[in-house]
Amino acid sequence: VRESKHSTMPQEGQFNENQAAFFEFLNTHYNKDGGDGALSNLLNDLEEDGGLNDPAGEIPKAAQKIMEEAQAKAAKGEAPVSVKGESVMCIKTWDVDGKKVFFNLGTSVKIDAPELVVRDGEEQTRLPMSLGPSMDDVDGKGEACLVFDVLFNPVTMKDAEVDMQFLNFIVQMIMIRLEEKHADLPAINSSRKFRRLKQKNFKGRQLADQYLMPQPLMRGIDEETGLRDFSGPELAEPCFRVGNVTRKSDGAKVVRLRAELPDVQGDEIELRILEGRCTLLVPGKYKASIPVEVPTGFVVLGSRFHSENYTLTVVWGPQHAKEFDEEQQTKRMEELKKAEEEQRLKLTNEIAFSLCTCDDSVSYTHLTLPTKRIV
């Protein structure tokens, strides 16, 4: 490893104007991947090649090659698209601290229209929107407030103008997106109350330009439904086993499914129990459609996720096994209620005994106080 003889940025007078401007760019953008030593090593290479003293003031060839590589990498990504929205209505709501928050709802044809799509094997409604940055403003009383511009496709807002239920849906969706995107700001009021301002289409100034990032990757057209497929990457199938076992508690014959889900929390699991099949989804991690042969008359006895060994268990059994479980549950509830009552009585008796003991002590102390001798 060669020790760098230069600081990361060129010293005053070391480069001409063109070279200094380039290395300023290089230090800001390119050096993120190479670390602090990458630019210093480049300076050493250029000095040895005589590139630092180029009388023509051109960018050295070695450095120009790096710039071309950086530009090639940037060209692979799509640039954001500038969008100018047209205001339609203004929504007023409040955060948990009582501060007013305004949503300027607008439209742009560059925002996709609502559509039915396929995502991870399920049909879903895709409702694109663009939420702009927060802007500080003041209300009619001169009090501070926040303003957000939110753009939809014209079709979306056309429906929202005539359908209050649909308007309520998209406003709730905006609130959720706002809290996800701006976790540093106070949450919107828990009751989710809002009001549409009839006297104005927007709060503050005209809608500002927004920049749309590239749309989510479409994997193609789903062959079964003919809908556009926006599914994410293929998810791993977890290890699972379906078998017939006998319960120790009542000797009932049951069908048991066990699936291993490493590094998963219980609230992440989406489980659907269908006739002859279980569909299991852990977004971003696991996905499975598990066939389960269940005898006629069997019902679902229960499902449970064991966090200690990351195992999901689903059990099917006959009706008498379900009745047995319900009886056991009733007994446990009665025992728990009885134990709570016994604990309450014990606590009450202890408090009563403590009060009596305290009163006797005070009385005894009072009686044995020494009398003051009068001389």
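The values are calculated or read from the model by the stated rules, or taken from the named source; none is laboratory data. This structure is a prediction, so every number in the text was calculated from the model and none was measured. Cβ sites come from the backbone with ideal geometry, for glycine too, and all protein chains shown count toward neighbours. Remember, those area values only see protein heavy atoms, side chains included, never the ligands or the DNA or RNA. Shrake-Rupley method; radii C 1.70, N 1.55, O 1.52, S 1.80 Å.
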Subset of the stretch 251-305 (residues that are in a loop (DSSP other than H, G, I, E, B), open to solvent by less than 80 Å² (accessible area, probe 1.4 Å), at pLDDT 90 or above and of a type outside the set (Phe, Trp, Tyr)): Gly251, Ala252, Leu261, Pro262, Val264, Ile269, Val292, Val294, Pro295, Gly297
Out of the residues in the stretch 165-204 meeting the condition of being among the polar types (S, T, N, Q) and in a loop (DSSP other than H, G, I, E, B), tell me which one is most open to solvent (accessible area, probe 1.4 Å). Gln199
In the stretch 353-362, is there at least one residue being on the phi > 0 side of the Ramachandran plot and either modelled with pLDDT of 90 or more or out of contact with any Cys (no Cβ under 8 Å at 6 or more places or on another chain) (or both)? no
Can you name the condition, by its number, that Leu336 falls short on among (1) farther than 26 Å from Arg119 by Cα; (2) touching a helix residue (DSSP H, G or I) at 6+ places or on another chain (Cβ under 6 Å); (3) of a type in the set (A, V, I, L, M)? (2)
Can you name the residue in the stretch 115-128 that is open to solvent by 50 Å² or more (accessible area, probe 1.4 Å) and at negative phi and is also farthest from the chain's Cα centre (by Cα) among such residues? Leu116
Pick from the stretch 83-110 the residues that are of a type in the set (A, V, I, L, M) and within 25 Å of Ile188 (Cα to Cα): which of them is most open to solvent (accessible area, probe 1.4 Å)? Val96
Return a yes/no flag: does the stretch 328-345 have any residue that is among the charged types (D, E, K, R), more than 40 Å from the chain's Cα centre (by Cα), loosely packed, with under 12 Cβ neighbours inside 10 Å and under 22 Å from Lys248 (Cα atoms). yes
Does Asp163 satisfy the criteria of being farther than 17 Å from Lys92 by Cβ and modelled with pLDDT of 90 or more? yes
